[in-house]
Amino acid sequence: MVSSYNFSMALRLLVIACLLLNVVHAQDVEGGGGEGGGGGGGGGGGEECDKDFDLTFVIDGSGSIEQAGRGNFNRVKDFVKRVVKGFRIGSDQTHVGAVIYSSSRYVRDVFKLDDHYDIAGIDRAIDRMIYPSGGTYTGKALTRARTSLYTSSADRSDKPNVCIVITDGKANDEIAGPARALRDKETKIFAIGVGRDFDRSELEVMAGDPSNVFTADFNELGTVIEQIKRSACQGLFVFTLNPFTPKSAKF
């Protein structure tokens, strides 16, 4: 017959063993998840992309960005930084450049493709980016990306060109010609309409393919970082900013 003391002791040992197993399991799960790629943090963990690009961002800094909600420009900046963190950044890996634009007189390089070869430098450059307010001269910004970022010295022939345009409204200038000229430079354009005032038909003209057009609210931008990273690593750029209309595009 088992004494009450022995039974109590056995029960305690069983509880301790179960607790130890739970601790070991939790450590295994954390270890298997990996760390955020491309300099840490960013898109919520996972592995960095093992493909390399000449990646540029064309960023709308018009007045309607902040009019649609205070802090929206910072949300866009955060989105750009987190996308960048999903790639291997280095002198012989992915290069990143960016253009900020608003009025016809305010279309500027934030940094060029050969300015920064590390996540920290890119982050600092994006953090210093000033919100200009003003108009929406997207056509001029596309031309700027083609002539100032994708130059003969910075545009590498062995790396795919990818340009992500983020805008919240209808352009004040003509965009068909500048967009075509950029695509003719073997650049895949993804047009992201943010908020509620963008012109989808204009975005389709810009991208040259309706499947390369995506829409999202400012608060939704951060929810797709991991999908972008995973899709790029598989040779695809997939944006599902609108959960009801997932899109994909192959290089």
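The values are calculated or read from the model by the stated rules, or taken from the named source; none is laboratory data. Note that the structure is a prediction, hence the values are computed from the model and not measured. Every residue, glycine as well, gets a Cβ built from its backbone with ideal geometry; the counts of neighbours run over all protein chains shown.
The table below gives the values:
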| quantity | calculated |
| --- | --- |
| Selection from the stretch 61-86 of residues that are out of contact with any strand residue (DSSP E or B) (no Cβ under 9 Å at 6 or more places or on another chain) and outside any helix (DSSP H, G or I) | G69, R70, G71, K85 |
| Subset of the stretch 192-218 [more than 16 Å from T143 (Cα to Cα), touching a residue at least 60 places away in the same chain (Cβ under 8 Å) and aliphatic (A, V, I, L, M)] | V194 |
| In the stretch 118-138, residue farthest from L55 (Cα to Cα) [restricted to those that are in a loop (DSSP other than H, G, I, E, B) and polar (S, T, N, Q)] | S133 |
| Verdict on G44 being among the small types (G, A, S) and either closer than 27 Å to S153 by Cα or modelled with pLDDT of 95 or more (or both) | no |
| Residues located in the stretch 188-211, provided they are in a strand (DSSP E or B) and buried (at least 22 other Cβ atoms within 10 Å of the Cβ) | I189, F190, A191, I192, G193, V194 |
| Close pairs (9 angstrom Cβ cut-off, 6 or more residues apart or separate chains): within 12 Å of D209 (Cα to Cα) in the stretch 173-191, hydrophobic (A, V, I, L, M, F, W, C) and part of a loop (DSSP other than H, G, I, E, B) anywhere | K188/F251; F190/F239; A191/F198 |
| Residue among R144, R124 that alone is surrounded by fewer than 17 Cβ atoms within 10 Å (Cβ to Cβ) and basic (K, R) | R124 |
| Residue within the stretch 165-175 that is crowded, with 17+ Cβ neighbours inside 10 Å, in a loop (DSSP other than H, G, I, E, B), under 20 Å from the mean Cα position of the chain (by Cα) and modelled with pLDDT of 80 or more present | yes |
| Any hit, the stretch 139-162, residues being in a strand (DSSP E or B) and either within 19 Å of K112 (Cα to Cα) or out of contact with any helix residue (DSSP H, G or I) (no Cβ under 6 Å at 6 or more places or on another chain) (or both) | yes |
